[in-house]
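Below is one structure, written out as structure tokens, with a few remarks after it.
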Amino acid sequence: MTKKTKILLFLLAASALLFVYLLLSSETLVMEGTKNNGRAAPTVSENRTEPDKTVAAVDLQAVESEHRAEMSKILDDYTALVGEIGTGTTTGGDQNDLIRQAEEIKSRISGLKAPVAGYKDTHLDLVLSIDRMENFINGGDNAEKDDGLKLLAQARQNFESLSSGRN
């Protein structure tokens, strides 16, 4: 036998084995309503184990209302923190306390679930603002503080426009 013939026979045998395997392992589809030994044949969906796809009803307005309330508190707390940062002439202990408070606010933001896609941008702007302010507290220049203040203003504006459009 030539090498070409051997390869063709091998491929034919492999194809035959694959066909037999698929034939034996596949499910038999039975028309719904046909009889099987005097009882109704199971449907395809009864033969398979699929996860339950029921989803609990969510009151989107309530979720959004809770989000707005929490986000409003976060914005107020962060605005107050920015006021404490002031000119950046704080002692080492004050700096650590300010950074700890900023990290807590970031943690609160990351715990929120944005009910509408637009809120994600607000969350991102706030987190970036906090990062800029932390850099400023840790000895960064005034450009970091200015960037942080701009991002805070942008986040507040986004939040207010989203909130006013949802009431």
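The values are calculated or read from the model by the stated rules, or taken from the named source; none is laboratory data. Please read all numbers here as calculations on a predicted model, not as lab measurements. Cβ placement follows ideal geometry from the backbone for every residue including glycine, while neighbour counts extend to all protein chains displayed.
A single member of Glu144, Glu84, Glu104 is part of a helix (DSSP H, G or I) and under 30 Å from Asp59 (Cα atoms), and it is Glu104. The condition (being touching a residue at least 60 places away in the same chain (Cβ under 8 Å), part of a helix (DSSP H, G or I) and farther than 17 Å from Ser72 by Cβ) is satisfied by just one residue among Leu124, Leu149: Leu149.
In region 110-117, the count of residues that are at pLDDT 80 or above, assigned by TED's automatic domain parsing to the domain that holds Leu152 and not in a loop (DSSP other than H, G, I, E, B) is one or more.
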